[in-house]
Structure formats: structure tokens, C-alpha cells
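The values are calculated or read from the model by the stated rules, or taken from the named source; none is laboratory data. Note that the structure is a prediction, hence the values are computed from the model and not measured. Methodologically, a virtual Cβ is constructed for each residue, glycine included, from the backbone with ideal geometry; neighbour enumeration extends over all protein chains shown.
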Amino acid sequence: MTNTTESEAEPATSDDSEKPATSPAAPKSRRALVAVALVVAGLALLVGDELFALNRADDALESGRAVVSVAAEQVDPSAEGRLVHVTGQLSTREILVDPVFQVSVSALRLLRHVEMYQWREERVERELREDGGTRRVSEPRYSGVWSATPIDSGDFEQEEGHENPDFPAEDDSFEASRPVVGAFAVPASLLAQVETLESLTPDAAAANAVELAGKRGQLWDDSIYVGQDPAQPRVGDLRVRFQRTPFTTVTVVGAQRGSELTTWTAPSGRELAPHLSLGREEAGDAASDITRVNTPLTWALRALSWLLIWLGLWLLLRRAMGSERFVRLGRMLEAGAIVPALALATPLCVLVVGGLWTAHRPVMGGLLLTLGAVVAIFGVWWVRRRLDRKSGQAPITRSDD
């Protein structure tokens with residue numbers, strides 16, 4: 001009886017001895033490697049982002065030192081190749097022409113807006129009496145409307161008699177290709193910075209000369225009406241409005257190459273395109289504009305770096321805080337390592353940023369280092385206190401009975 005009991009107990013002992021050989025040590029090691037990789041990736045991203053921001057800050061500093069103000073009326077040969085600051089009226093010698101409606105204007109931009117009178121289908125419901133009862137039916141109703149976009153009459157339930165013609169002319173824009181500020185030519189791409197628009201009333205002679213789709217044009221209010229009677233529009237009639245961007249005072253910063261303002265090469269080697277701002281702007285402010293970077297993107301990368309570092313530290317601290325198993329997002333605070341990881345990740349990021357900026361901005365970098373050190377000391381103290389409190393708790397035993 002005793003032998004049988006011992007022989008039956010031996011396999012159980014053998015199984016128990018084999019289980020530690022396949023213990024979860026390997027998964028824990030992999031988790032630790034993932035945690036370390038997240039921290040390293042966050043630090044690398046943070047350092048790269050800050051170095052980029054530092055280079056841009058140095059470019060801004062150097063551009064402020066290098067920029068010189070010159071008069072817009074004539075080109076100064078002594079400023080050849082230098083970063084120059086010019087203030088004057090942005091204009092052009094070109095006459096912008098709409099080839100379809102023969103509208104011409106001296107402006108930076110000419111815009112055409114076209115609307116066509118078209119059929120529109122709407123569904124209406126009504127009650128229908130039949131067999132002593134009522135039922136609701138949906139029927140199409142058609143009406144004429146002005147629309148800047150085509151309405152496809154092919155989708156109508158009753159297309160016959162409600163056909164919409166194609167647009168004979170569509171919205172269009174015409175921009176100056178050779179804008180200037182005084183004696184200086186500036187890139188046409190800078191016109192995108194000027195968004196001012198004002199209404200333009202076409203010339204009556206130009207309106208009367210229009211003929212599209214067999215219909216004549218006429219001046220109506222501040223628009224060209226293509227059709228017979230503006231008071232009684234018919235399907236296919238057009239209503240065309242125009243806007244222009246007038247000449248305006250601007251400030252431009254760029255490298256002087258002859259009479260052109262072109263790309264400036266910063267000391268860091270970065271190629272900086274000319275910058276235009278509306279109105280009059282001081283040379284120092286305008287020079288910093290040319291080096292301006294996408295600040296929201298910089299802060300977004302900083303936040304992503306902090307998140308990666310925090311997540312890595314959280315994974316590392318979970319075991320020490322006694323919460324090795326994964327928990328649902330809604331119960332993450334129960335893991336106990338959330339706040340300690342936060343207390344360590346935040347000062348670590350501040351210390352890295354402060355250390356990188358110290359060489360370039362000693363005052364700001366020093367303040368960040370001081371702040372990071374104070375928060376780091378408090379964070380380490382607080383985490384150690386939490387760990388000591390965890391280690392002082394009595395272990396929870398489980399009964400196999």
C-alpha cells in the first residue's frame with residue numbers, strides 16, 4: 001500500500017520538477033527588453049527632435065545677425081549675396097486676363113466664380129387615400145436653383161424634361177507670374193501668403209461680348225449674366241462673379257541675387273526659401289520668420305518621446321510594484337506603477353532637453369536642468385518610498401487545499 005502511494009507520487013514530483021524548467025522567465029526577459037527598447041527609442045526620438053529644434057534656433061539667431069535692411073526702390077550692389085529685408089508694395093506689371101469672359105485687371109490674382117441655374121430633385125411625402133385607408137407615398141418634386149457644382153440629372157426619377165446641361169465654364173483663377181516689391185522680383189509662390197480678396201465689377205463691353213452655349217452675356221449687378229432675362233432664369237443660364245487680390249504692402253526677407261530675392265543658405269547648411277509677411281515688419285522679426293519651423297510638430301514629437309519613455313518605465317516598474325500581469329486599460333491605475341513611471345519619465349525628459357539646450361541657451365538650459373533635477377530627486381524619493389511600502393507588505397499565500 002505504501003509502495004503504491006510512493007509510485008503514484010513520483011510522477012507528480014517529476015512533473016513539478018519539470019515546470020520550473022519552462023518557467024515564465026523567458027517571457028519576462030522579453031518584456032524587459034521591450035521596455036528598455038521603448039525607453040531607448042523615446043530618448044533617441046527626443047534627442048533627434050531637440051537637435052533639429054536647436055539647429056533651427058541657431059539659424060534664427062544667425063539670420064538675425066546677418067540680415068540687412070535695404071530700400072525697395074533700387075537694388076544695392078553692396079548687399080549682393082546677403083540676407084536682405086525689404087518692405088514695399090507687392091505689385092506686378094502684368095495684366096491678368098480671363099480668356100473666356102475677357103475680364104482684365106491689374107492685380108496679383110483674378111478669381112472667377114461660376115454658378116449655373118439647374119434642376120434639383122427633392123423627395124416629398126404625402127398621404128394617399130385608398131380602400132378606405134391611407135398610406136404615405138414619396139414623390140419627386142423639381143425646382144430650379146443656382147448651384148456652383150453640377151447636379152447630375154441622370155440620378156433623377158423623372159429625368160425627361162429635367163436634364164441639366166454641362167457647365168460651359170467653371171471656376172478658375174489667374175495669378176501674376178512675376179510679382180515685384182519695388183525693384184526686386186520675388187517668387188510667385190509667395191503670393192499664397194496674400195489672401196486678401198475684393199469684388200470686381202466687370203466692364204459692360206466685356207460682358208456684352210460674351211457668348212457661351214448659344215447664349216449672350218450682359219452685365220447684371222456686379223456679375224456677368226449669360227442668359228436672356230436675369231429676372232426669369234432658365235436652366236443652363238450662368239451667373240459669373242469675379243474677385244481680385246489688390247496690390248498690398250508686404251515685408252520680404254531673402255538672399256539678394258541681382259534683382260531677385262531667392263533662397264538663403266544658413267550657417268547650418270539649410271536652404272531657406274524667401275519669406276513674405278503682410279504689412280511692415282522689423283528686420284529682426286522678419287529674419288526669424290524665415291527660419292520658423294513647425295512648432296506643433298516639434299511639440300507632438302516631444303509628447304510622443306515622453307509617452308514612449310513613460311510606457312517603457314511603466315513596464316519595468318510593474319514587476320517591482322507587484323503587478324506583473326497585464327491589466328485592461330480601464331484598470332491600469334490598479335497596476336500601481338503608473339504614477340511612479342510618470343514621476344521618473346517627466347524629469348528624465350526635462351533633464352535631456354535642458355542638457356541639450358545648455359550649450360546654446362545657457363539660461364534656459366540651466367533652468368530646465370535645475371527643474372529636472374528637483375523633480376527627479378522628488379520622483380526617485382517617491383518611487384523608493386512606494387517600493388519600500390510594497391516590500392513591507394505581507395506576502396499573500398495561496399492554499400492548495
- request: Check 317, 367, 356 and return the single one that is aliphatic (A, V, I, L, M), within 30 Å of residue 253 (Cβ to Cβ) and either touching a strand residue (DSSP E or B) at 6+ places or on another chain (Cβ under 7 Å) or modelled with pLDDT of 75 or more (or both).
  value: 356
message: Within segment 61-84, does at least one residue satisfy the condition of being touching a Pro at 6+ places or on another chain (Cβ under 7 Å) and outside the structural domain of residue 177 (by TED's automatic domain parsing)?
response: yes
- line: Among strands (runs of 3 or more DSSP E) completely within segment 95-148, the ones holding 1 or more residues that are among the acidic types (Asp, Glu) and surrounded by fewer than 13 Cβ atoms within 10 Å (Cβ to Cβ) are 109-130, 133-147
- prompt: Going by the conditions given, is residue 167 outside any strand (DSSP E or B), among the aromatic types (Phe, Trp, Tyr) and in contact (Cβ under 8 Å) with a residue 24 or more places away in the chain?
  reply: yes
task: Select, from 285, 203, the only residue that is surrounded by 13 or more Cβ atoms within 10 Å (Cβ to Cβ) and under 30 Å from residue 166 (Cβ atoms).
output: 203
query: Considering segment 61-89 alone, what residues qualify as being part of a helix (DSSP H, G or I) and surrounded by fewer than 20 Cβ atoms within 10 Å (Cβ to Cβ)?
result: 61, 62, 64, 65, 66, 77, 78, 79
message: What's the total number of residues in segment 260-274 that are at pLDDT below 90, of a type in the set (Ser, Thr, Tyr) and not in a loop (DSSP other than H, G, I, E, B)?
response: 1
field: Test for residue 314: is it buried (at least 22 other Cβ atoms within 10 Å of the Cβ) and within 28 Å of the chain's Cα centre (by Cα)
entry: no
query: Within segment 62-93, how many residues turn out to be more than 34 Å from the chain's Cα centre (by Cα) and not hydrophobic (A, V, I, L, M, F, W, C)?
result: 7
- request: Determine the pairs where a residue that is at negative phi, located within segment 31-49, has a partner that is among the β-branched types (Val, Ile, Thr) with Cβ atoms under 7 Å apart, the partner being 6 or more residues away or on another chain.
  value: 39/309; 42/309; 43/309; 43/352; 46/352; 47/352; 49/298
Number of positions in segment 275-296 that are modelled with pLDDT under 90 and part of a loop (DSSP other than H, G, I, E, B): 6
query: Among (1) in contact with a Lys or Arg (Cβ under 9 Å, 6 or more places away or on another chain); (2) assigned by TED's automatic domain parsing to the domain that holds residue 168, where does residue 256 come up short?
result: (2)
